[in-house]
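Computed from the coordinates by the stated procedures, all read-outs in this text should not be read as laboratory data. In this text the structure is predicted, and so the values were computed from the model without any measurement. Counting neighbours? That spans all protein chains shown, and the Cβs are built from the backbone with ideal geometry, glycine included.
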Amino acid sequence: MSDTTFYGRCLKACGSSWELAAAHPFVEGLARGRLSAEQMQTYLIQDGLYLQNYVRVCRLLANRAAIASDRLLFEYSARLSAEAELGLQAELFQALGLEWRNAPPEPATVAYIYRESEAMLHSSELVALAAATPCTVLYAEVGRRLAERPEAAAANHPFRLWLDLYADASVQEMARQWIQCLNRWAATAKRSAEEQALEAFAVSMQCEVDFWEQAWGA
């Protein structure tokens with residue numbers, strides 16, 4: 001049965017990019033523990049730059065939320081990105097013996113930050129939310145899928161910290177709440193805002209594909 005919720009429509013609007021993002025070769029490399037130091041270093045540095053902006057995006061969504069539970073959700077998401085995700089990167093750098101280097105945002109990072117930041121300026125809260133949702137729901141989906149992979153279960157897996165964070169029940173629940181929020185906001189939005197939100201979601205999902213590809217090609 002097809003998902004007729006607004007979130008389901010968003011996934012449909014993505015076409016092939018949802019599955020391309022969820023099963024990208026970089027994701028496969030995470031599952032198998034087979035990414036080069038350069039690939040992982042590039043990913044972590046660029047993800048750190050992206051997350052700094054994503055914290056701001058979540059706080060802006062909290063400011064635009066009409067009800068307290070939504071504000072709390074986005075404030076929690078901002079804290080998770082600022083503390084758990086960015087903290088994870090520091091731990092991974094140490095665990096993997098990688099060297100941090102100051103690097104500018106690469107093209108896929110620039111494009112993603114720009115697209116999300118631009119959406120935050122939109123008059124429709126739904127468009128802003130739709131542009132930010134792929135990051136949360138995709139990483140939860142990847143975390144869930146990889147938790148089911150036998151090769152990702154090894155206690156000494158080199159990317160154990162990453163795998164455990166995104167498979168964690170708190171991340172899965174947060175993604176579920178984002179989806180619920182997206183559906184609720186869509187229920188009261190104008191048709192024109194819905195169409196623009198569908199496009200914003202699809203654009204961000206393609207940015208996720210491009211972001212994986214950027215690290216994969218390092």
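Per-structure values
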{"item": "Column: log10 I(q)/I(0), Debye, Cα scatterers of region 107-218, q = 0.13 Å⁻¹", "result": "-0.57"}
{"item": "Expected 222 nm ellipticity per residue - DSSP helices of 4 or more, -39500 (n - 2.57), all of the chain, to 500", "result": "-24500 deg cm²/dmol"}
{"item": "J(HN,Hα) series, region 36-51, from Karplus relation 6.51 cos²θ - 1.76 cosθ + 1.60, nearest Hz, glycine and proline x", "result": "6, 4, 5, 4, 5, 4, 4, 4, 5, 5, 5, 5, x, 5, 5, 5"}
{"item": "Translational diffusion of region 6-217, µm² s⁻¹ [Kirkwood Rh, Cα pairs; Stokes-Einstein; 20 °C; 1.002 mPa s]", "result": "124 µm²/s"}
{"item": "Backbone HN-Hα couplings from phi across region 107-123 [Karplus 6.51/-1.76/1.60, Hz, Gly and Pro as x]", "result": "x, 5, 5, 4, 5, 5, 4, 4, 4, 5, 5, 4, 5, 5, 8, 5, 5"}
{"item": "Order of Leu20, Leu96 under a 10 Å beta carbon neighbour criterion, fewest first", "result": "Leu96, Leu20"}
{"item": "Region 48-137, Rg to Rh (Cα coordinates; Rh as Kirkwood inverse mean 1/r)", "result": "1.02"}
{"item": "Cα centroid separation, region 106-134 to region 49-76 (Å)", "result": "13 Å"}
{"item": "Per-residue Cβ neighbour rank within 10 angstrom, fewest leading, Thr188, Thr5", "result": "Thr188, Thr5"}
{"item": "Residue order, fewest to most surrounding Cβ atoms within 10 angstrom, among Ile45, Ile113", "result": "Ile113, Ile45"}
{"item": "Cα-projected label distance for Trp100 with Thr188, points at 7 Å along beta-carbon direction, nm", "result": "4.2 nm"}
{"item": "Region 43-118: chymotrypsin sites (Phe, Trp or Tyr not before Pro) in DSSP coil with no more than 16 other Cβ atoms inside 10 Å", "result": "Trp100"}
